[in-house]
Amino acid sequence: MAEPVPDHDSGIDFRQVPLGEIEPARSRHMWTRSAVGVAESGDLAVTGEWDGTVTARDIDSLETRWTVDHPDHAVGIASLEADETIAVAGRGDTGTIAAYDAETGEQRWRYDTVDDVGEAVKDTVFYLPYVVALETGTDADGNERLYAAARRYERDGETRQWHSTVYAFDTDGEICWTYETDASPIALDLAADGERLAVGYNRCMGDHDTGLVVLEANAGKLAWTWDPGTDGDRRVGDVSFDGETIAVSSHGDKRGYLLGPAGAERWHVDLAVETEIDGETLYAYPNHAYANDGRVAFVTGNTYAAESRETESRHPNEHRVAAFDADGDLVWDETVRGFVHGLATDGDRLVAPCAQNFRVRDPDTHAVRWFDLESGADGCERIDGIATAAAVADDTVAAIEEPVTYHDEGETRGAYALRVGSLE
């Protein structure tokens, strides 16, 4: 792993807009509470907040164009180019997906996933219907589609269950097809040719027992499946197409894979596999994968100990981004220092919103960092709070900052804000 080096701000002017109030995050990571997107048109930055507020702002002036109240916590944003529509994913009583006009904010259509995944059986956030991923693109028949994955969790004593549905919507909000399982989806990716939709399943504890499902994007029919073949219910962390290949980060064995057609393995690499350090077995989950033009990058998360919840040691490959070539050889690796909730990508650019490292609790880890898939580290914007979401389109980066209060410090750092900068 690359040795950590002091961060230096990029010198880029990141403009800031306050988003109101939110409970400060703590030492440990909270669930996804915010979302941000840059519209396909390139002229809008759209934020989704935990109270359901969705706001579209002019990318240059950051003046508000419109604001709406989404039925649930607004935790995901995507845009459809043809109809200039903003799609918003919800976590809440209804698990709502809604589409809003990009110019006016008028609601064009709404779908409540609770009708498919069921109602929460307990009044806690983890039991609420949750739209975990949105993906947009044109299928092989030339139709623009919005793909979504929704899930709900419940537990009765020792019995734990997931209920999930993957959807394909047309631009009018009509359902083209659905794919249901009793596992927990975590990621979607559409192949560039529009023929295949990859679905990554993170937790498989029922009849569905495979981490990767590839569907025919225009009809929703099963094309093929793949699984790391590991014990336990952990499976896949992320998926990313690159031509006929697909990169997969495996939570099962903490490796990264590149697969060919029908799931044939091209290669795999150890990312943060179980390692003995000071008498403990430590590992970290590979949470993100991104493939483009013959390069593959994987991002790992926090250190965990196999035998206990707490550890004073850290896995040498925690909070690391590593890029590999088409043969699986390491090209470069860099530290991201803090937990990356979600990786934003565009072409050869990767943007990592870095939150707290809960074992180190060093405010210097709080930043938005970006990387070039060919060459590595490309810039850093330090922030006082934690970066929890990011989006990138061309040279524009938008990120969400949330306040944080470490339990052993008592000081609140940062604020709830949107940050926008140009990387030109």
remark   = Percent of all alpha-carbon pairs of the chain at distances over 27 Å, whole number, is 49
key: Interchain or long-range residues, amide H under 5 Å from W31's placed H   = none
inquiry  = Given Cβ point charges of +1 (Lys, Arg) and -1 (Asp, Glu) and nothing else, what value in debye, to the nearest 20, does the dipole of the chain about its Cα centre take?
reply    = 980
task = Provide the net charge surrounding E49, with neighbours chosen by a C-beta distance below 15 Å and charges set as Lys +1, Arg +1, Asp -1, Glu -1.
result = -3
Pairwise FRET efficiency - D209 versus D58, Cβ, R0 = 35 Å, nearest 0.05 = 0.15
key: Relative contact order [Cα under 8 Å, 6+ residues apart], region 81-148, whole percent   = 27
inquiry  = Rounded to whole Å, give me the distance from the Cα center of region 384-424 to that of region 105-176.
reply    = 27
ask   = Ordered by packing density, taken as the mean number of other Cβ atoms within 10 Å over each peptide's residues, highest first, how do 390-403, 38-51 rank?
value = 390-403, 38-51
request  = Determine the per residue accessible area of region 81-150 with all protein chains present and a 1.4 angstrom probe, expressed in square angstrom.
outcome  = 41
ask   = Of the listed peptides 14-26, 374-386, what is their order by residue-averaged count of other C-beta atoms within 10 Å, with the highest listed first?
value = 374-386, 14-26
request  = Work out the FRET efficiency for R110 and I277 from their Cβ-Cβ distance, taking R0 = 51 Å, and round it to the nearest 0.05.
outcome  = 0.55
task = Convert each backbone phi in region 281-290 into a coupling constant with the Karplus relation 6.51 cos²θ - 1.76 cosθ + 1.60 (shift: θ = phi - 60°), then list the ³J(HN,Hα) values in order as whole Hz, x for Gly and Pro.
result = 9, 10, 8, 9, 7, x, 8, 9, 9, 8
inquiry  = Could you compute Rg(Cα) / (2.2 N^0.38 Å) for region 272-332, with N its residue count?
reply    = 1.27
query = Hey, what did region 253-401 get for relative contact order, percent, Cα under 8 Å, at least 6 apart?
reply = 15
note = Simple spin-label estimate for D156/V360, 7 Å along Cα→Cβ, in nm, reads 4.5
message = Let me check against my output: what whole-number percent is the relative contact order of the chain, with C-alpha pairs under 8 Å and at least 6 apart?
response = 13
query = Computed over the Cα atoms of region 287-424, what is the ratio Rg over Rh, Rh following Kirkwood?
reply = 0.99
Note, ³J(HN,Hα) from phi for region 337-351, Karplus 6.51, -1.76, 1.60, rounded to Hz, x at Gly and Pro = 6, x, 6, 9, 5, x, 8, 9, 9, 7, x, 8, 9, 10, 10
request  = Roll a 1.4 angstrom probe over the protein heavy atoms and tell me the percent of accessible area of region 1-132 that is carbon or sulfur.
outcome  = 43
request  = In Å and from the alpha-carbon atoms only, list the Rg and Dmax of region 203-323.
outcome  = 15.2, 52
inquiry  = I need the phi-derived Karplus couplings for region 76-81: 6.51 cos²θ - 1.76 cosθ + 1.60, θ = phi - 60°, integer Hz, Gly and Pro marked x.
reply    = x, 9, 8, 10, 9, 6
key: Solution diffusion estimate, µm²/s, Stokes-Einstein, region 134-182, Kirkwood Rh from C-alpha pairs, 37 °C, viscosity 0.692 mPa s   = 269
Under 5 Å, built H, 5+ apart or other chain: amide partners of I59 = L44, A45
remark   = Taking T181, T225, T104 and ranking on accessible area (1.4 Å, protein atoms only), highest first, one gets T104, T225, T181
note = Of every hundred units of 1.4 Å-probe accessible area on region 256-415, the number belonging to carbon and sulfur atoms, as a percent, is 38
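The values are calculated or read from the model by the stated rules, or taken from the named source; none is laboratory data. No experiment lies behind these values; they were computed from the predicted model shown. Here the Cβ is made from the backbone with ideal geometry for all residues, glycine too, and neighbour counts use every protein chain on show. Accessible surface is based on the protein model in full, side chains and every heavy atom, while ligands, DNA and RNA are left aside. Shrake-Rupley method; radii C 1.70, N 1.55, O 1.52, S 1.80 Å.
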